[in-house]
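Taking it in order: structure first as structure tokens, then the write-up.
The values are calculated or read from the model by the stated rules, or taken from the named source; none is laboratory data. In this text, all values refer to a predicted model and were calculated from it rather than measured experimentally. Cβ: placed from backbone, ideal geometry, glycine included. Neighbour counts: every protein chain shown. Side chains are part of the model used for accessible areas, which takes the heavy atoms of the whole protein and leaves out ligands, DNA and RNA. Shrake-Rupley method; radii C 1.70, N 1.55, O 1.52, S 1.80 Å.
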Amino acid sequence: MTTFNRRDFVKSAGALSLLGTSAITGCASVAGGAKPRVVVVGGGYGGATAAKYIAMWSEGKIDVTLVERGDAFVSCPLSNLVIGGSRQIGDITVSYDGLNKYGIRRIKGEAVGFDADRRTLTLADGTVLPYDRLILSPGIDFMYETLPGLATAEARGKVLAAWKAGPETVALRKQLVDMRDGGVYAIQIPKAPYRCPPGPYERACQVAWYFQQAKPKSKVLILDANEDVTSKKGLFMAAWNGPFKGLVEYRNNQEIQDVDARTNTLKMSFGDDVRADVLNVLPPMRAGTIATQHGLNNSNKRWCLIDWLTYESTAVKNVHILGDALQVAPLMPKSGHMANQHGKICAAAVIALLTGDTVSATPMAANTCYSFVDDKTAMHVATVHRYDAAQKTMLTVPGSGGLSPAANRTEGTFAYSWSRNIWADMLT
Amino acid sequence: MRRISHTTAVIASALLLAAAQAQTAQPGASKYLARNLAAQCANCHGTNGRSVAEVPSLAGQAATVLINKMQDYKDGKQPSTIMQQLAKGYTDEQIALMADYFSKQPK
């Protein structure tokens, strides 16, 4: 992190007072009595939702602890608008204090391991939390072992991913602001599956929108390891061939061997090296580290297989997993909206399991992903998924779902509305 | 004519609702099915249907109004950006359960 420090981040978070949270740190006392105990790791779209809904729906009958390493929630959805410059990091940052009224115990800390037999979770500071059910919503981590050039913190602080919203989001924005007019911003996209399928293409739009206003001689280069645009292809192509014509170049099948952070150069698997003024690499991804222990990542050693009725791991009993860490069902995206839906299905199932009630055999989940073209127009992809008892997975309902016919301002308004409602749904 | 069709729609909705509620009483069905289904809407329409932004609230609306609106989305009669696409993903019984749940939530 050579280009950025924590103080810059806190400063730019502005009036939201990231440090003003009342999170309990250190040793937490064990709840008395025989209340079942649920410990949730990760306060993102999946984990915060699960914690809130278990506390809300069980009406205090279940003891809920939420372990989160951050001071406040920072949203990945809409973070590309911070990179484009139409929003500030404070606009996508929400306090965890809204969860206090549900009686959720919050612990600021880093979960480092768990004992599946004793049913305890251990934090980096040595705190041991007993659980009856453990819910992991750890998001993704990067497979840096595939890119030796990004082995050091210094290299990763220069060639950013900015794929977990927070300090890197602000740092990437700063790199773009500092770039000369006439420079090249390149984003390299890994092979699917990765977090947020349309996200890299939305980011390309946001950077192009910024260049159009501030640095019109500059260029956005999309180097996609996939054979084609993986989401909303027609809608993104319409933006790149329409309002951003001449600003954006898309290249498919652009796998990389390595990154030279010193010279901002990509070593391509095929063809010549590519150098950029601002280089943004999304390394291949896997389930967050806590969900790679005890064989939880039992799909290709990258993602986690679960029972879609309860979200319980197929590898370890009493451990449930949500969100981007999952080996997703067919046509199910790794999205924040989807993680929120996972959180509620899991919450209902965990309450049922802990109170001797019936687990629903017919869960449903809907997804809506908005992508912004500029600061006002957006477009969506939507799907509806239902549990298929024969195949034991979630399948899309035939005839449902779809895309926007074109990016439009109404959906820009709805996308902002979506953010406020989903943040409230998980955090207040 | 208009009044008759409205009355017919209300009766149809009421019958649908009764059928849907009978479904949750079946052995093996979660008694929280309506609550669980309705929770899917909260991402855009707010927890328990109480929106804090531009998208309308569902809480406290009459069940028949919500059922008829969803039917119109399904049939393509009601214009929308997303709801026509989402409404097609749910059975009439599921829609009736969700509508009943939202109608009982405080505004």
*Which of (1) part of a helix (DSSP H, G or I); (2) open to solvent by less than 10 Å² (accessible area, probe 1.4 Å) is the odd one out, the single condition residue A:235 does not satisfy?*
(2)
*Determine whether the range B:25-33 contains at least one residue that is modelled with pLDDT of 95 or more and part of a helix (DSSP H, G or I).*
yes
*Examine the range A:35-42 for a residue that is under 23 Å from residue A:421 (Cα atoms), in the same structural domain as residue A:131 (by TED's automatic domain parsing), at pLDDT 95 or above and not in a loop (DSSP other than H, G, I, E, B), and state whether such a residue exists.*
yes
*When the residues of the range A:360-386 are filtered to those that are of a type in the set (A, V, I, L, M, F, W, C) and more than 7 Å from every other protein chain (Cβ to nearest Cβ), which remaining residue is nearest to the chain's Cα centre (by Cα)?*
A:369
*So residue A:278 fits all but one of (1) surrounded by fewer than 19 Cβ atoms within 10 Å (Cβ to Cβ); (2) not assigned by TED's automatic domain parsing to the domain that holds residue A:339; what number is the exception?*
(1)
*Within the set of pairs 6+ apart or on separate chains, which have a first residue in the range B:29-42 that is at the interface with another protein chain (Cβ under 7 Å from one of its Cβ atoms), a second that is open to solvent by less than 20 Å² (accessible area, probe 1.4 Å) and among the basic types (Lys, Arg), and C-beta atoms under 9 Å apart?*
B:36/A:344; B:39/A:344; B:40/A:344; B:42/A:344
*Which of the residues belonging to the range A:271-290 are in contact with an Asp or Glu (Cβ under 9 Å, 6 or more places away or on another chain) and either modelled with pLDDT under 95 or of a type in the set (Gly, Ala, Ser) (or both)?*
A:287, A:288
*Name the one entry in A:424, A:389, A:407 that is of a type in the set (A, V, I, L, M, F, W, C) and at the interface with chain B (Cβ under 9 Å from one of its Cβ atoms).*
A:424
*Restricting attention to the range A:149-163, does a residue exist that is in contact (Cβ under 8 Å) with a residue 24 or more places away in the chain and at positive phi?*
yes
*asked:* Among the listed residues A:382, A:407, A:349, A:365, identify the single one that is under 22 Å from residue A:62 (Cβ atoms) and either touching a Phe, Trp or Tyr at 6+ places or on another chain (Cβ under 7 Å) or surrounded by 20 or more Cβ atoms within 10 Å (Cβ to Cβ) (or both).
replied: A:349
_Leading residue by the ranking (surrounded by the most Cβ atoms within 10 Å (Cβ to Cβ)) among those in the range A:186-200 that are touching a strand residue (DSSP E or B) at 6+ places or on another chain (Cβ under 7 Å) and under 23 Å from residue A:403 (Cβ atoms)_ = A:200
*Which condition number does residue A:394 fail, the rest of (1) more than 9 Å from chain B (Cβ to nearest Cβ); (2) closer than 30 Å to residue A:238 by Cα; (3) in contact with an Asp or Glu (Cβ under 9 Å, 6 or more places away or on another chain) being met?*
(2)
*Here are A:177, A:207: which of them is among the aliphatic types (A, V, I, L, M), open to solvent by less than 40 Å² (accessible area, probe 1.4 Å), over 27 Å from residue A:300 (Cβ atoms) and outside any strand (DSSP E or B)?*
A:207
*Spot the failing condition for residue B:42; the list is (1) under 20 Å from residue A:423 (Cα atoms); (2) surrounded by fewer than 21 Cβ atoms within 10 Å (Cβ to Cβ), and only one is missed.*
(2)
